[in-house]
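> Attaching a single structure in structure tokens format; questions to follow.
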């Protein structure tokens, strides 16, 4: 797993535990990464609809409009399964490839059932 995926999950975990806008400064302090790296990750999550931001002195970040809760799959899919990577891994017609594809599908279903909010509350 890429370190960026872990940082993205930490950022989302922090945001989901607050009922308010969260500043980039708070996020950087909590996650322990550089401001620029945090902005890069958060911008990617904004483009994917996982986050929204409000500009200005009272601005900050919150979950995206359509996202009542973000799943572990949302994060992994964004940072691990970049577009096109999955196509290159198309299974060949052999038992091992079918086994690996079945494992990936089961993993995806398990990740979809894990809300980031619950992971960071310690409920999973």
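Coordinate-derived values only; no laboratory data. What you are looking at is a predicted structure, and each value in this text was computed from that prediction instead of being measured. Cβ sites come from the backbone with ideal geometry, for glycine too, and all protein chains shown count toward neighbours.
> In degrees, nearest 10, range 0 to 90: what is the angle between the Cα axis of helix 3-16 and the longest Cα principal axis of the chain?
The two axes meet at around 50 degrees.
> Using 0.36 nm per residue of separation minus the Cα-Cα distance, give me the extension gain between residue 46 and residue 107 in nm, one decimal.
Values: separation 61, 0.36 × 61 = 21.96 nm, distance 2.47 nm.
Net length gain for the segment: 19.5 nm.
> Students often check this: by mean Cβ neighbours within 10 Å, which of 93-106, 48-61 ranks highest, and how do the rest follow?
Ranked from most to least packed, the peptides come out as 48-61, 93-106.
> To continue, here is another question. What's the long-distance tail for the chain, i.e. % of Cα pairs beyond 19 Å?
51 percent
> Compute the angle between helix 95-112 and the longest alpha-carbon principal axis of the chain, please, reported from 0 to 90 degrees and rounded to the nearest 10.
30 degrees
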